[in-house]
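The values are calculated or read from the model by the stated rules, or taken from the named source; none is laboratory data. On a predicted model such as this, the values are computed, not experimentally measured, just so you know. Cβ: placed from backbone, ideal geometry, glycine included. Neighbour counts: every protein chain shown. The area values use the complete protein model at the heavy-atom level, side chains included, leaving out ligands, DNA and RNA. Shrake-Rupley method; radii C 1.70, N 1.55, O 1.52, S 1.80 Å.
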Amino acid sequence: MNMTATQKILAAHAGRETVRAGELITAEVDVILGNDITAPVAVKEMKKAGDRVKSPDKIVLVLDHFVPAKDIKSAEQCKTVRDFAAEQGIIHFYDVGKMGVEHALLPEQGLVRPASLMIGADSHTCTYGALGCFSTGIGSTDMAAAMLTDKLWFKVPAAIKVTLRGKLGKYVTGKDAVLTLIGMLGVDGATYKSLEFFGNVSALSVEDRLTIANMAIECGAKNAFFPIDGAAAKYLNAHGVKFSPSDVILPDDDAEYEREIVLDLDSITPTVAFPHLPSNVRSFGKDIPDDLTIQQVVIGSCTNGRISDMRAAAEVLKGKKVADGVRCIIIPATMEVYRQCMDEGLFGIFLDSGAVISTPTCGPCLGGYMGILAHGERAVATTNRNFVGRMGDVTSEIYLASPYVAAASAIAGKLACPQDL
């Protein structure tokens, strides 16, 4: 039938035998996600058209961007979502104390199922494709329509095949791999296309795959897709997800891809995206200056706030001190990750190094709070975007990197690689 994995999932949810790239379809959705910024708009628009959501159990509401509330407006935004969740009987509602950064939280809570169709009013909803489903970001008005009908329209994307070879080296992570890929494609090189990853997928941890899928949007992709292998199945089972062999989706042997990219994991070195685009990538040992001083480090976000990221940062920070003049802010992405950090003694390492620890929040990533940059300041961050003014003043600069590089930079007081400490 010549269909990619993404097209197979869309066809099944549209009740069709086949779909073709470029077609407009209406499909049944399995999960509808909103947060404290996007959900209030969706609630307002939904109530213009109807009073009740169709399937409360399909809706996931996460308060994560500005919580605990940073000001009166963010408090009102959260109150709107809280009231709506209570009124509509929303089962999957995550507030302060049990919330987390949404794209780390949903996989952890077992809300991502292979072969499902997930939408979210947040551009990084593409994260969940790491676990064999179709997931993509939408607008708040689309979220409103989906809450009322359980359906949404889609344009079927064409696809790019990414074939993985080799394996990642010491201090090299999925963040380095996806930055390398974005550097190859550019920020618009996969616009409205699905990125489907095959080859030596098992060389990547599930956490690395989640990081890579998270940043698919940074090269314009509609979604990312990784097939389910043993590691993914183990992760899903550990988080209470039941699925059958029929949920393990693979493309047809003659699936049509617009192009194929070979990503050689062996050749990737610690990589940094320089201002002001995620595609402006440079690698250590080649074209990164050794005197680029910084004022802040942020380790967290929906991209790199999982326990593996916390462990990587602790490995580098252990027994060392954050440089004078550098603010190192560490944000576990969920309350479960927060607890694991406590149980494993990671918080002691962070505090001893001179870092500070926050409860889960998106805060600094979008310039909200918990780490705003002043005029001319530079930050190394494990977040996903480094646009002009993204984390504060328009003259500030953001350098995107892995937790290893971010932690090393905090110690060095400048952009640095762990091998150089």
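A few remarks follow.
- Using C-alpha pairs under 8 Å with a sequence gap of at least 6, the mean separation divided by the residue count of segment 338-421 gives a relative contact order of 19 percent.
- Here the sum of -39500 (n - 2.57) over DSSP H runs of 4 or more residues, divided by the residues of the chain, equals -8500 deg cm²/dmol at 222 nm, to the nearest 500.
- Under a model in which nothing but the beta-carbon of Lys, Arg (+1) and Asp, Glu (-1) is charged, segment 287-347 shows a dipole of about 240 debye around its Cα centre.
- Segment 110-180 - percent relative contact order, Cα under 8 Å, separation 6 or more: 21
- Heavy-atom accessible area, probed at 1.4 angstrom with all protein chains present, ranks Lys161, Lys58, Lys175 as Lys161, Lys58, Lys175, highest first.
- Counting only aspartates and glutamates at least 8 places from Lys414 when in the same chain, those with an alpha carbon closer than 17 Å to its own are Asp287, Asp290, Asp291, Asp324, Glu377, Glu397.
- Counting only protein chain heavy atoms and rolling a 1.4 Å probe, the accessible areas of Tyr404, Tyr192 rank, largest first, as Tyr192, Tyr404.
- Projecting the Cα atoms of Gly189, Ala121, Gly137 onto the dipole axis of segment 121-205, where Lys and Arg carry +1 and Asp and Glu carry -1 at the beta carbon, places Gly189 farthest toward the positive end.
- Whole-number Å³ per residue for the convex hull built on Cα positions in segment 313-421: 87
- Using a Gaussian network model of the chain in which every pair of alpha carbons under 10 angstrom is joined by a spring, one finds that among Thr271, Thr141, Thr211 the greatest mean-square fluctuation is at Thr141.
- Top of Met342, Met147, Met118 by mean-square fluctuation, Gaussian network on the chain, Cα under 10 Å: Met342
- Sequence-distant residues sharing a close amide H with His65 (under 5 Å, placed H): Asp36, Ile37, Cys362
- Dipole of the chain, positive direction: furthest Cα of Ala374, Pro227, Thr293, with charges on the beta-carbon: Ala374
- Probe 1.4 Å - accessible area at Arg327, Å² to nearest ten: 90
- Magnitude of the charge dipole, the chain, Cβ model with Lys/Arg +1 and Asp/Glu -1, debye to 20: 320
- When the C-alpha to C-alpha distance is required to be over 21 Å, the pairs from Lys58/Lys193; Lys47/Lys151; Lys73/Lys151; Lys8/Lys151 that qualify are Lys58/Lys193; Lys73/Lys151.
- Taking every C-alpha pair closer than 8 Å and separated by at least 6 residues, the mean separation divided by the residue count of the chain gives a relative contact order of 17 percent.
- Amide N proximity, segment 89-119 versus Glu28 label position 7 Å along Cα-to-Cβ, cut-off under 13 Å: 116-117
- Mean-square fluctuations from a GNM of the chain, with a 10 angstrom spring cutoff on Cα atoms, peak among Gly97, Gly186, Gly110 at Gly97.
- Rule-of-thumb Rg ratio for the chain [Cα; 2.2 N^0.38 Å; N residues]: 0.94
- Cross-link pairs beyond the 25 Å C-alpha cut-off, checked among Lys167/Lys234; Lys54/Lys234; Lys44/Lys242; Lys175/Lys234: Lys54/Lys234; Lys44/Lys242
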